[in-house]
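Visitor: One structure is given below, represented as structure tokens, and several questions about it will come after.
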Amino acid sequence: FPFIETEDQINTINDIKTDFSKKYPSDRLIVGDVAYGKSEIIIRSIFLVARSTLQSLILVPTTLLARQHFNNFSKRLLSFGINVKQLSRLISNKDKIETIDELKSGKLNCIIGTHALLSENIEFNNLGLIVIDEEQHFGVRAKEKLKKFSSKAHLISLSATPIPRTLHLSLVGIRDLSLILTP
């Protein structure tokens, strides 16, 4: 990581480590402005999940963000042998089929994608982490569909501007909340 972590990032990473050590799946909202380091936290979460031989899914609202995360995450995780791929409308059919097969067989550690991940033909071998980036862009139906992939997967939602329902669930304690307030 080319930067010194902020105290908020360290606290959030520790929150996630604590979540992962529990016997039940967690549901955490991470709130932080753009460029406050939420992606770094997700990279480290993917690393932890992959080391536990589980898979990660990162849902993003745009193909541009999918490509950006794919480039950054794969660059950081490749040296650890963690296989990352992307799925969106910009991926060729041949590559989509290969990626879906690798997900199902467990050869793929992490998939980053757009609404293409909500397709009926997506199956996981052992999903352990679901990340919804910019969660305010997704409806309840999409979020519930993701949870059906695995009842044992941890859920992390990221947002700079969480929708009132999501924020309310965190403030009343139904979801865990981590704040990144330091740039």
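Visitor: Tell me the relative contact order for region 93-156 as a rounded percent, counting alpha carbon contacts under 8 Å between residues six or more apart.
Guide: It comes to 33 percent, rounded to a whole number.
Visitor: Right, another one. Percent relative contact order of region 61-112, based on C-alpha pairs within less than 8 angstrom and at least six residues apart?
Guide: Relative contact order here is 39 percent.
Visitor: Can you give me the C-alpha center-to-center distance between region 13-51 and region 60-77, rounded to a whole angstrom?
Guide: Taking the Cα centre of region 60-77 as reference, the centre of region 13-51 is 17 Å away.
Visitor: Dipole of the chain (Lys/Arg Cβ +1, Asp/Glu Cβ -1, origin at the Cα centre): which of N83, T18, F1 lies farthest to the positive side?
Guide: N83
Visitor: Based on the alpha-carbon gyration tensor of region 37-183 and its eigenvalue square roots a ≥ b ≥ c, which shape applies: rounded if a/c is under 1.5, prolate if not and a/b is larger than b/c, or oblate?
Guide: Judged from the Cα gyration tensor, region 37-183 comes out prolate (a/c at least 1.5, a/b above b/c).
Visitor: For the chain, what is the charge dipole size about the Cα centre, in debye to the nearest 20, if Lys and Arg each add +1 at the Cβ and Asp and Glu each add -1 at the Cβ?
Guide: Result for the chain is approximately 480 debye, rounded to the nearest 20.
Visitor: In percent, how large is the relative contact order of region 51-151, given Cα pairs closer than 8 Å and 6 or more residues apart?
Guide: Relative contact order comes out at 39 percent.
Visitor: Figure the gain on full extension for V172 and F3 (residue separation times 0.36 nm, minus the Cα-Cα span) and round it to one decimal in nm.
Guide: 57.5 nm
Each value in this text was obtained by applying a stated rule to the coordinates, not by laboratory testing. Worth saying up front: this structure is predicted, and the values here are computed from it rather than measured. We place every Cβ from the backbone using ideal geometry, glycine too, and count neighbours over all the protein chains shown.
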